[in-house]
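Undergrad: Can you read through this structure? Questions will come right after.
Read-outs throughout are calculated quantities, based only on the coordinates presented, and are distinct from any laboratory measurement. All of these numbers come straight from a predicted model, not from anything done at the bench. A quick note on method: Cβ atoms are made from the backbone with ideal geometry, for glycine too, and the neighbour counts reach across all protein chains shown.
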Amino acid sequence: MGNANIGASVACVLYVRLLRQKDKSMAKQYVEQREDVYWVTGTRVSLDSIVYAFLEGQTAESIAQSFPIMTLEQVYGAITFYLANRPDIDAYLRREESEFETLRQTWRTQDAMFYQKMADARRQRQTIRP
């Protein structure tokens, strides 16, 4: 009797694992992570781009028009992924912004002359415009 229960338990566990794998294989993945960056699966469109557009109030339809390589389904999938994982993605976006700001400051320090020339050109352009 004990061996029969163990056999049934093992079969039950294997069946549950099989169902979970089947559910996972049937679920469509709209976002993937490559080299610590989130991307819309199968594209070179970052999740960041979709999220920032969404947070600015753009509709999924207008986002899809901005990224013709993506289907409307992919845009909705990316937005759904964001909403389902909002705390994690918001933290990820904050880290990315912080890393970018650190790099920007480093570049400004390393090539101060270039940034001075850019600022001068910008000021000159503004004085020329009516």
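Undergrad: Subtracting the Cα-Cα distance from 0.36 nm times the residue separation, let me have the gained length for Phe100 to Ile69 in nm, one decimal.
TA: On the way: separation 31, 0.36 × 31 = 11.16 nm, distance 2.61 nm.
Here the segment from Phe100 to Ile69 would lengthen by 8.5 nm.
Undergrad: Using a basic spin-label model with each label point 7 Å from the Cα along Cα→Cβ, how many nm lie between Gln124 and Gln29?
TA: In this crude spin-label approximation the distance works out to 5.2 nm.
Undergrad: Sticking with this one: Using a/c under 1.5 as the rounded threshold, could you call region 86-130 rounded, prolate or oblate? The axes a ≥ b ≥ c are square roots of the C-alpha gyration tensor eigenvalues, and prolate needs a/b larger than b/c, oblate otherwise. Write down the numbers at each step before the final one.
TA: Working: a/c = 8.84, a/b = 2.01, b/c = 4.41.
Oblate.
Undergrad: Given Cβ point charges of +1 (Lys, Arg) and -1 (Asp, Glu) and nothing else, what value in debye, to the nearest 20, does the dipole of region 86-130 about its Cα centre take?
TA: 420 debye
Undergrad: Using a Förster radius of 25 Å, what is the FRET efficiency between Asp36 and Tyr76 based on their Cβ-Cβ separation? Nearest 0.05, please.
TA: Details: r = 25 Å, r/R0 = 0.99.
FRET efficiency, Asp36 to Tyr76: 0.50.
Undergrad: Can you sort Met118, Met70 from fewest to most other Cβ atoms within 10 Å of each residue's own Cβ? Write out the running numbers ahead of the final one.
TA: Numbers: Met118 11, Met70 21.
Ordered by Cβ neighbours within 10 Å, fewest first: Met118, Met70.
Undergrad: Turning to a different aspect of this structure: From the residues Gln126, Thr109, Ile89, which one has its Cα farthest along the dipole of region 86-130 in the positive direction, the dipole being from +1 and -1 charges on Cβ of Lys/Arg and Asp/Glu about the Cα centre?
TA: Farthest along the dipole direction, towards plus: Gln126.
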